[in-house]
Amino acid sequence: MNNECKELLKLATLPARLNRTQTADYLGFEPDHITLLIKAGLLKPLGRPKPNSDKYFAAVKLAALRQDETWLSRATQFICQHWNDKNNRNSRHSNRATLTPQES
């Protein structure tokens, strides 16, 4: 856990909105997982940010999600399934590359 994360979690009152990294620290995910959760519809940024712009999240909503065991379970399962699927795709591609045709 980095110092910035520790300082955020020590605050008595969180800022009203948190950026992607702060949101990940607060919810216990990695920053790149936040993008996946947004795409899955499990996390909604404030406003209507462009795809390549910074995303901010309401601290009150995040506090509710942090206490919601069902949501945490769904989010965790989604992240695990995403990486399993990605690893399986990469594994199939690497297996094809290592197979060489038999010469007759």
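For the chain, with the dipole built from +1 on Lys and Arg beta-carbon atoms and -1 on Asp and Glu ones, taken about the Cα centre, which of Gln81, Ala24, Leu36 lies farthest toward the positive end? The Cα lying farthest towards the positive end belongs to Leu36.
For the chain, what does the relative contact order come out to in percent, with C-alpha contacts under 8 Å and a separation of six or more? Don't jump to the answer; show the numbers that get you there.
Working: 68 pairs, mean separation 24.3, N = 104.
Result for the chain is 23 percent.
Divide by every residue of the chain the summed helix terms, -39500 (n - 2.57) for each DSSP H run of at least 4, and state the resulting mean residue ellipticity at 222 nm, rounded to the nearest 500 deg cm²/dmol.
Value at 222 nm, helices only: -19500 deg cm²/dmol.
The alpha carbon centroids of the stretch 1-21 and the stretch 24-62 are separated by 15 Å. Shown is the FRET efficiency for Glu30 and Asp85, computed with R0 = 22 Å from the Cβ-Cβ distance and rounded to the nearest 0.05: 0.80. In terms of its alpha-carbon gyration tensor, the stretch 3-98 comes out prolate; a/c meets the 1.5 threshold, and the first ratio a/b outweighs b/c.
Here, each number is a calculation from the coordinates, and none is a lab measurement. Predicted, not measured: the structure shown is a model, and the values here were computed from it. Using ideal geometry, Cβ is built from the backbone for each residue, glycine included, and neighbour counts are taken over all protein chains shown.
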